[in-house]
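The block underneath contains the structure these notes are about, expressed in structure tokens.
The values are calculated or read from the model by the stated rules, or taken from the named source; none is laboratory data. Owing to the predicted nature of the structure, the values given are computational and were not obtained by experimental measurement. All Cβ positions, even for glycine, are placed from backbone atoms using ideal geometry, and neighbour counts span all protein chains on display. In case anyone asks, the SASA skips ligands and DNA or RNA and just uses the protein heavy atoms, side chains included. Shrake-Rupley method; radii C 1.70, N 1.55, O 1.52, S 1.80 Å.
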Amino acid sequence: MNDLLYNKKVMCPVCNREIEVTKVKTKGCKVKSRDTDMCVHYEDLNVLFYDVWVCENCGYAALQDKFEGIFTRDIAAIKSNISQNWVVRSFKGEREVDKAIEAFKLALLTLKVRNAKASEVAKVCLRIAWLYRDKNDIKRETEFLNFALNSYNEAYLKERFPLDKLDEFTCMYIIAELFRRVGKLEDAIQWFSRIVSSAEARRNPKLIDMARDQYQLAKDQLAEANA
Ligand SMILES: [Zn+2]
């Protein structure tokens, strides 16, 4: 195995069996760059590949920081909707992009079965889009950017901020940038303008700078499209 990875034993909260999961060591998490929709690229390996843990015994899957914190009421739903049809297979060890996509789609399935909040669905869909970006599969990337966008819109309307670690203005920025990326430029411009004209958003100068840049870009793209 890649020496930036290590295995760790955890208890699966659904089937109560011990499993081994693979994590990235801190020294493997050096950031190389960030895309305008917050997708992080790393120096040595794609850390995102390892962000979903899957129980090989029962098929339960979740983002690693959410894996152990499942509600008791969801366990029965996962057992009857996922575990019953699950064929034992391991997600331990080094992952390629397709294995990572499979793990994330299992996490998405778990969220659907749990009737999870839109913000949780949005977060996983956005990361699946980034994995397709890694594969240069633009068609599927756009498909999952749209899923993420719809769920972030729903979360923005229905949920209370912060959404996990996501504050309101960063969420607005992501919605605006996803609109721009899927080609809905008028919507993107509207959302970016709400951020740049907000006095409250100015408390986060870095976000305001990014919003200004992308606002201008969206306006230029729209002008070009209408030329
Ligand atoms: Zn399990």
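Things worth noting here:
- Look at segment 67-94: where a residue is under 15 Å from ASN57 (Cα atoms) and a partner is surrounded by fewer than 16 Cβ atoms within 10 Å (Cβ to Cβ), sitting 6+ places away or on another chain with Cβ atoms under 6 Å, you get LYS92/GLU20.
- Condition broken by ASP164, with the remaining ones in (1) farther than 15 Å from ALA122 by Cα; (2) modelled with pLDDT under 95 satisfied: (1)
- Residue pairs whose Cβ atoms lie under 7 Å apart, sitting 6 or more positions apart in sequence or on different chains, and linking a residue in segment 95-118 that is farther than 19 Å from CYS12 by Cα to a partner that is among the hydroxyl-bearing types (Ser, Thr, Tyr), are ARG95/TYR50; ALA118/SER151.
- Once segment 20-65 is narrowed to residues that are within 30 Å of TRP86 (Cβ to Cβ) and without any contact (Cβ under 8 Å) to a residue 24 or more places away in the chain, the residue that is most open to solvent (accessible area, probe 1.4 Å) is ASP65.
- As a summary of the residue check, ARG203 satisfies the conditions (1) of a type outside the set (Gly, Ala, Ser); (2) without any contact (Cβ under 8 Å) to a residue 12 or more places away in the chain; (3) surrounded by 16 or more Cβ atoms within 10 Å (Cβ to Cβ) except for the one numbered (3).
- Strands (runs of 3 or more DSSP E) contained entirely in segment 1-88, each with at least 2 residues that are away from the ligand (no atom under 12 Å from the Cβ): 5-11, 18-24, 31-34, 40-42
- All helices (runs of 4 or more DSSP H) inside segment 97-175 with 1 or more residues being farther than 23 Å from PHE49 by Cβ and open to solvent by less than 30 Å² (accessible area, probe 1.4 Å): 118-134, 138-158
- Residue match in segment 167-190 (condition: over 19 Å from the mean Cα position of the chain (by Cα) and either modelled with pLDDT under 95 or of a type in the set (Lys, Arg) (or both)): yes
- When segment 209-222 is filtered for residues that are surrounded by 15 or more Cβ atoms within 10 Å (Cβ to Cβ), of a type outside the set (Phe, Trp, Tyr) and over 22 Å from the mean Cα position of the chain (by Cα), the ones remaining, listed by number, are LEU217, ALA218, LYS219, GLN221, LEU222.
- Per the conditions (1) over 27 Å from ASP187 (Cα atoms); (2) polar (S, T, N, Q); (3) buried (at least 19 other Cβ atoms within 10 Å of the Cβ), the sole criterion not satisfied by SER90 is (3).
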